[in-house]
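First the structure, in the form of structure tokens, and then the observations on it.
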Amino acid sequence: GEDVEQSLFLSVREGDSSVINCTYTDSSSTYLYWYKQEPGAGLQLLTYIFSNMDMKQDQRLTVLLNKKDKHLSLRIADTQTGDSAIYFCAESLNSGNTPLVFGKGTRLSVIA
Amino acid sequence: NAGVTQTPKFRVLKTGQSMTLLCAQDMNHEYMYWYRQDPGMGLRLIHYSVGEGTTAKGEVPDGYNVSRLKKQNFLLGLESAAPSQTSVYFCASSSGPPNEKLFFGSGTQLSVL
């Protein structure tokens, strides 16, 4: 069945780069997403990548997709305390109305 | 531009009581979802709807019912609340595949005593 795996915790120092990793199982995934959840709030879409792309960059965010290994990563450059949040990876299956499959989320803690 | 609005934001119930959580979206989205979030469990899909008048079961549907009588509203009902239903509930909506960008509400914290 479909499954999206993420490590649960990551701690980095302010100013360093953060890399959050995700593995997924469905090779037919069309889009892959990163959502951010700040404390006490709902999830917000951070960025997404179409499955025919290898990389997408958006300001401090870089998404890398390795389809062969079914591996997705989110790199945050110059990590700030405001980046402290839970980051969820999600995949959109290529099967019509099937809802997104979410990972359990990675809690990023930024140390000043 | 409200987006996705959930009411109420907080609620405390006694075991056996019933309640309805309301989700409203103003983006004309076809698809709507109800999730629950528990520590260490991530997001789990309860029920979803792919259009007005339709509903479908998600990963953890037992103990919940839903209705989508109007396109903009998606209601989640608990007929007889149990302590295991203590959780944070999130509603989301999207325009549907292929690019399912979900918009989430701010959540409802429910405690069942």
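The values are calculated or read from the model by the stated rules, or taken from the named source; none is laboratory data. Being a predicted model, the structure only gives us computed values, none of them experimental. Every residue, glycine among them, receives a Cβ derived from its backbone with ideal geometry; neighbour counts consider all protein chains shown. The accessibility values were calculated without ligands, DNA or RNA, using every heavy atom of the protein model including side chains. Shrake-Rupley method; radii C 1.70, N 1.55, O 1.52, S 1.80 Å.
Annotations
- Surface composition of the stretch B:8-54: carbon and sulfur atoms hold 55% of the protein heavy-atom accessible area at a 1.4 Å probe.
- Each Lys or Arg adds one and each Asp or Glu subtracts one; over the other residues with Cβ under 15 Å from the Cβ of B:Phe74, this totals +2.
- Viscosity 1.002 mPa s, temperature 20 °C, Stokes-Einstein D of the stretch A:51-100 from Kirkwood C-alpha radius, µm²/s: 167 µm²/s
- Histogrammed with a bin width of 5 Å, the alpha carbon distances of the stretch B:51-113 distribute as 4, 14, 22, 27, 19, 9, 4, 1, 0 percent, first bin at zero.
- Altogether, the Stokes-Einstein calculation at 25 °C and 0.890 mPa s, with the Kirkwood radius of the protein assembly as shown over Cα pairs as Rh, returns a diffusion coefficient of 136 µm²/s.
- Taking the Cα centre of the protein assembly as shown as origin and assigning +1 to Lys and Arg Cβ atoms and -1 to Asp and Glu Cβ atoms, the resulting dipole is close to 360 debye.
- A:Asn21-A:Ala112 FRET efficiency (beta carbon distance; Förster radius 30 Å; 0.05 resolution): 0.80
- Share of carbon and sulfur in the accessible heavy-atom surface of the stretch A:49-110 [1.4 Å probe, %]: 45 percent
- Only protein heavy atoms count here; on that basis, with a 1.4 Å probe, B:Val12 has an accessible area of about 90 Å².
- Contact residues in the stretch A:16-42 by the 20 Å² criterion (accessible area, 1.4 Å probe, full protein complex versus chain alone): A:Tyr31, A:Tyr33, A:Tyr35, A:Gln37, A:Gly42.
- Using only alpha-carbon positions in the stretch B:33-77, the gyration tensor eigenvalues give semi-axes of 20, 9, 8 Å once each is multiplied by 5 and square-rooted (largest first).
- Between the stretch A:1-72 and the stretch B:60-113, the C-alpha centres lie 24 angstrom from each other.
- Whichever lysines have a C-alpha closer than 28 Å to that of A:Lys56, once near sequence neighbours (fewer than 8 apart) are set aside: A:Lys36, A:Lys67, A:Lys68, A:Lys70, A:Lys104, B:Lys101
- With a Förster radius of 35 Å applied to the beta-carbon distance between B:Glu52 and A:Leu8, the computed FRET efficiency rounds to 0.40.
- FRET efficiency, 1/(1 + (r/R0)^6) with R0 30 Å, evaluated for B:Ala82 and B:Phe10 via beta carbons: 0.95
- By average C-beta atoms within 10 angstrom, highest first, the peptides B:51-57, A:55-61: B:51-57, A:55-61
- Scoring A:21-28, B:37-44 by mean Cβ neighbours within 10 Å over their residues and listing the highest first yields A:21-28, B:37-44.
- Projected onto its three principal axes, the C-alpha set of the stretch B:1-81 covers 35, 25, 23 Å, listed from the longest axis down.
- Computed magnitude of the charge dipole of chain B (debye, nearest 20; Cβ of K, R +1, Cβ of D, E -1): 200 debye
- Taking Cα centre as origin and charging only the Cβ of basic (Lys, Arg, +1) and acidic (Asp, Glu, -1) residues, the dipole magnitude of chain A rounds to 60 debye.
- An ellipsoid equivalent to chain A, defined through the eigenvalues of its Cα gyration tensor, has semi-axes of 24, 15, 12 Å when rounded to whole angstrom and sorted largest first.
- Remark: spin-label model distance A:Met55-B:Gln17 equals 5.5 nm, labels positioned 7 Å along the Cα→Cβ axis.
- Heavy atoms of chains A and B lose about 1600 Å² of accessible surface on contact, summed over both sides with a 1.4 Å probe.
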